[in-house]
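Have a look at the structure below, then the notes.
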Amino acid sequence: MKEASFWEAICNESVVCNLCSHHCQIRKDRVGICGVRRNLDGKLYSLNYGKLVSSNLDPIEKTSVSLSARQPQLFHRRDGM
Ligand code: SF4
């Protein structure tokens, strides 16, 4: 868990998050509307910092040869060519 950016402390250990247009006022031990920013003892923490949100196995070259019959082309190149 990492201390969040873009927030400010207000009264009674509450904070205001300014990361998005909701500008949530978050009381101690509560989370904002997004559910991923929590006020712990008057400081705002990001609960998902550094966590993977998506992964996908994807080849670099998907279509290396043009499928056009008139102008067949190779799209991959070596450096310097
Ligand atoms: S929704 Fe989340 S990111 Fe947006 S202001 Fe509220 S706590 Fe911050």
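Observations, loosely collected:
- Karplus (6.51, -1.76, 1.60) ³J(HN,Hα), θ = phi - 60°, over the range 10-15, in Hz, Gly and Pro reported as x: 10, 6, 6, 6, 8, 10
- Using a Förster distance of 41 Å, the FRET efficiency for Ile60-Asn18 (Cβ separation, nearest 0.05): 0.60
- Take the Cα of Lys43, step 7 Å toward its Cβ, do the same at Lys28, and the gap between the two points is 1.5 nm.
- Amide H partners (placed H, <5 Å) of Arg37, local residues excluded: Gly32, Leu47
- Overall form of the range 1-64 per C-alpha gyration tensor (a/c, 1.5; a/b vs b/c): prolate
Values quoted throughout were computed directly from the atomic coordinates according to the rules given, and no laboratory measurement underlies them. Small disclaimer: the values here were computed from a predicted structure and weren't measured. Every residue, glycine among them, receives a Cβ derived from its backbone with ideal geometry; neighbour counts consider all protein chains shown.
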